[in-house]
Amino acid sequence: MKNILILGCTGSIGTSALNIAREFPDRFNVVGLTAHKSKERLQELSKEFGNVPTCLTGVDSEDALERLINTCGADIVVNGIAGSPGLMPSVFVLRAGIDLALANKETIVMAGPLIARLAREHNCRILPVDSEHSAVFTLVEKFGSDSIGQIVLTASGGPFREKKSEDLPFMRPADALKHPTWNMGTKITIDSASLANKGLEVIEACRLFNISPDRVKVTVHPQSLVHSLIRTRDGVLYAQISPPDMRHPILTALTWPDFVPSSLEEWDITAGGTLNFYPPRMNDFPMLPLAYKSLSMASGPIAYNAANEIAVEAFLNGKIAFTQIAYVTDRILAMDWNKEPVTIDDVFLFDNKARQQAKKIVEDILCGIIPQSKTCLANRSWEVLG
């Protein structure tokens, strides 16, 4: 029996994790739950799982969350909190010496080296829950890191995969939220539309698997059945394939290193259909090449993530156009981000600096100080390492 604490239990990751706990009551014991502000739903779930302790992270203090993590008796914590607010919970988990099933990619993007050091110091594991990184993790564990020549991350392409370049500036938030494959939260769905989500995953892959950016590639795969691939040093590709259901990678993280039978859907290879793979449209979706660019600067990924979060919020609030998300991020990355964060406080210092500058750029766009004609990046020739 493994005791699990689920952070962000009312979100898409948390909901899937609870479904896994329900399916395996003899294997998993829920010992704690958190939500952002959904108090009534959190109380209902707490009651369902035996009146386990809870925390409302959008209301209670960080100290309250840290106490819950330290006292609930968890063997593993699922971090399904969205965005940069998920970083400190990850820090608390690792400081407590508890294994971390990590769906919050910003933890690694913002503070990857510091997080890896915490895990080593406290003798605990980081088990990725993103479907792409879960796939890579499983393949790397099987083949050994020394065998890996290349990582290939798959992207669905999002709702704008087939949109013409000239139509992208006119896409509205409602359009961007119509993901063709996955049912996710608002922020991550917008990121999928801009390919910022894949950019964040490139950064995360480089840091999780200690691999250089030129050895991490992205391919658009609309069916979302192949969750990622590795190319071994002899040039052979190996893929992890399963239906697009986040319960698969969550179960992998919670049961690692074992593989247990489940009722989750399996992909029927004899059912027909095709698997398609395309190169990403770098010029139309510059958030992906900008992620590679950020990796050339010590604190660049912090700035990339912060600028994107501010720009996405502005897009959702009707302040900027969809294509201006990349413009804001590009302007931020043009600043000096070559100083390495030594502590978590440094991470938040750089994060705040980037956010303030990004907010100013958004306001300059809104007020017309930056002309609309200056915010288009579509004509730039983007080059990615390798």
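The values are calculated or read from the model by the stated rules, or taken from the named source; none is laboratory data. What you see is a predicted model; the values in this text were computed from it and never measured. Every residue, glycine as well, gets a Cβ built from its backbone with ideal geometry; the counts of neighbours run over all protein chains shown. We work out accessible area using only protein heavy atoms, side chains counted, and drop any ligands, DNA or RNA first. Shrake-Rupley method; radii C 1.70, N 1.55, O 1.52, S 1.80 Å.
Can you pick out the pairs among Lys105/Lys339; Lys217/Lys359; Lys293/Lys360; Lys319/Lys353; Lys164/Lys360 whose Cα atoms lie more than 24 Å from each other? Each step should come with its number before you reach the end.
Details: Lys105/Lys339 22 Å; Lys217/Lys359 31 Å; Lys293/Lys360 22 Å; Lys319/Lys353 21 Å; Lys164/Lys360 30 Å.
In this structure, Lys217/Lys359; Lys164/Lys360 exceed 24 Å between Cα atoms.
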Per q in 0.14, 0.18, 0.22 1/Å, what log10 I(q)/I(0) does a Debye calculation on the alpha-carbon atoms of region 1-101 return?
-0.43, -0.74, -1.16
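Which FRET efficiency value, to the nearest 0.05, do you get for Ser165 and Lys319 by plugging their Cβ-Cβ distance into 1/(1 + (r/R0)^6) with R0 = 30 Å?
Values: r = 22 Å, r/R0 = 0.75.
Result of the calculation: an efficiency of 0.85.
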Under-5 Å amide H pairs with Ala155, H placed in peptide plane, nonlocal only:
Thr219, Val220, His221
Rg(Cα)/(2.2 N^0.38 Å) for region 39-161, N = residue count
1.21
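Per residue, how much accessible surface does the chain expose to a 1.4 Å probe? Answer in Å², no decimals.
Details: 16900 Å² over 386 residues.
About 44 Å² of surface per residue is accessible.
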Kindly provide log₁₀ I(q)/I(0) values, in the same order as q = 0.20 Å⁻¹, from the Debye equation applied to equal alpha-carbon scatterers of region 158-307.
-1.50
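For the chain, give the magnitude of the charge dipole about the Cα centre (Cβ charges: +1 Lys/Arg, -1 Asp/Glu; no others), in debye to the nearest 20. Walk me through the intermediate numbers first.
Numbers: 38 positive and 43 negative charges, 123 e Å.
Computed about the Cα centre, the dipole is about 600 debye.
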Across region 12-28, in residue order, what do the Karplus-derived ³J(HN,Hα) couplings come to in whole Hz, using 6.51 cos²θ - 1.76 cosθ + 1.60 with θ = phi - 60° and x for Gly and Pro?
5, 5, x, 4, 5, 5, 5, 5, 5, 4, 5, 6, 10, x, 8, 10, 10
Between the modelled labels at Ala116 and Asp336 (7 Å from Cα along Cα→Cβ) the distance in nm is 2.7
Gain in span if fully extended, Ser38 to Asn123, counting 0.36 nm per residue against the direct Cα distance
27.3 nm
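Given a 1.4 Å probe and every protein chain left where it sits, what share in percent of the accessible area of the chain is carbon and sulfur? Spell out each step's value before the answer.
Working: 8210 of 16900 Å².
Reported share for carbon and sulfur atoms: 49 percent.
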Share (percent) of C-alpha pair distances in region 284-362 greater than 17 Å works out to 39
Sites Asp346 and Glu48 - FRET efficiency at Förster radius 25 Å, r taken between beta-carbons, to 0.05:
0.05
Taking N as the number of residues in region 227-271, the ratio of its alpha carbon radius of gyration to 2.2 N^0.38 Å works out to 1.37
Rounded if a/c is under 1.5, else prolate if a/b beats b/c, else oblate: with a ≥ b ≥ c from the C-alpha gyration tensor eigenvalues square-rooted, which is region 1-54?
prolate
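Peptides 188-200, 141-153: what's the order by average Cβ count within 10 Å, highest mean first? Each step should come with its number before you reach the end.
Values: 188-200: 26.7, 141-153: 15.3.
Packing order, densest peptide first, comes out as 188-200, 141-153.
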Eigenvalues of the alpha-carbon gyration tensor of region 333-377, times 5 and square-rooted, give semi-axes in Å, largest first, of 28, 12, 6
In terms of the Cα gyration tensor, with a ≥ b ≥ c the square roots of its eigenvalues, is region 105-165 rounded because a/c is under 1.5, prolate because a/b exceeds b/c, or oblate?
oblate
